[in-house]
Structure formats: structure tokens, C-alpha cells
1. Out of segment 94-123, which residues are aliphatic (A, V, I, L, M) and under 16 Å from residue 61 (Cβ atoms)?
2. Which members of segment 94-122 meet the condition of being part of a strand (DSSP E or B) and more than 13 Å from residue 80 (Cα to Cα)?
3. Do you know which residues across segment 110-127 are under 15 Å from residue 76 (Cβ atoms) and open to solvent by 20 Å² or more (accessible area, probe 1.4 Å)?
4. Scanning segment 45-57 for residues that are modelled with pLDDT of 85 or more and over 30 Å from residue 6 (Cβ atoms), which turns out least open to solvent (accessible area, probe 1.4 Å)?
5. Hey, can you tell me all the residues within segment 69-97 that are touching a Phe, Trp or Tyr at 6+ places or on another chain (Cβ under 9 Å) and farther than 17 Å from residue 138 by Cβ?
6. Can you pull out the residues in segment 1-35 that are part of a loop (DSSP other than H, G, I, E, B) and open to solvent by 70 Å² or more (accessible area, probe 1.4 Å)?
7. Given the options 126, 82, 145, name the one that is modelled with pLDDT under 90 and either out of contact with any helix residue (DSSP H, G or I) (no Cβ under 6 Å at 6 or more places or on another chain) or part of a helix (DSSP H, G or I) (or both).
8. Given (1) open to solvent by 60 Å² or more (accessible area, probe 1.4 Å); (2) outside any strand (DSSP E or B), identify the lone condition not met by residue 91.
Amino acid sequence: MSPLRGRQVAETYNLDLVCLNPDAKTPVCKILNYGKYRFESQKKAKEMKRNQRAKEISIHEIQLTPVIGQHDLDTKIKQSLKFLNAGDKIKVTLRFRGRQLSHVEVGEEVIKRFIEGVSEVANVEKEAKLDGKILTCILASKIKK
């Protein structure tokens, strides 16, 4: 029907004539309540954004020291397993202080023990690398969110 006839029909039902595709050879229009249409489209956009945000993987940081005790290391491993079972990633940082930096191999051994403790549910995404006074390693969960 013609645009003028479409407007008349829309006005009789107290609705709006919305042009969906004005660039087409014959413009495509729809008679609907524009306020309700806009509200529903915004609601869909919010829902899609919320679902997208839920799928994001967060990175949790676990801090260690080269002189950490076995019990403390086991506690850190236990906490890390909770994060990994939830599907998150873990950034393990080991900070050297003072003369500890001259014995980097001690810190690397601590990180190896930590990785062995979580090896059932985690893959090493980024190997341990010394950056200044901090030795960092990133572990990713084998479990998908």
C-alpha cells in the first residue's frame, strides 16, 4: 500500500508507521507501537550484553615467595583449584626481595612445585619468566566455562 494509506491505517489503530528498510526498491514499513518496540529491543540488547559478560574469563593472581612453607604452598594450591574449577585463569607471581634475586633457581623450583600441584586441572599458558624482581607464570583451566 502507499505510504499515505499506511499512515492512515496506523492512525486509526493509534499505532506508528515504522520504516524498516528505506533503501529498498520498495520501502518496507511496519505498523506497530514504536515505544514498545524500542523497549523490547533495548531489553534484548541488555540481555545479550549480560550473557556476553558472563562468558568472560577472569584472571586471579596468586602471590608466592621463594621461602614459602609447604603448608602455605598447599593452601595456595587449594585456593587456585577453586578458581581453576570455575574455569578461570591464574597468574602466579613470585616476588624476590633483596639477595633472594641471586638465587632465582629457588623461585623457579617453587613455581614448578605449584604447577605440579595444579597440573590435573590446569595447563601452562605462559611459562615462568623473570621480569625485574618478579617471576610470573600464567595457568589456564582445562575446564571450559
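The values are calculated or read from the model by the stated rules, or taken from the named source; none is laboratory data. Just so it is clear, the structure is predicted and the values come from calculations on it, not from any experiment. Positions of Cβ are backbone-derived with ideal geometry, glycine not excepted, and every protein chain shown enters the neighbour counts. Calculation scope for accessible area: heavy atoms of the full protein, side chains included, ligands and nucleic acids excluded. Shrake-Rupley method; radii C 1.70, N 1.55, O 1.52, S 1.80 Å.
1. 94, 110, 111, 115, 118, 122
2. Within segment 94-122, 94, 95 qualify.
3. Of everything in segment 110-127, those that are under 15 Å from residue 76 (Cβ atoms) and open to solvent by 20 Å² or more (accessible area, probe 1.4 Å) turn out to be 112, 113, 115, 116, 117, 119, 121.
4. Ranking the qualifying residues of segment 45-57, first place goes to 47.
5. 73
6. Residues satisfying the conditions are 1, 13, 14, 22, 23, 25, 26, 27, 33.
7. 145
8. Exception for residue 91: condition (2).
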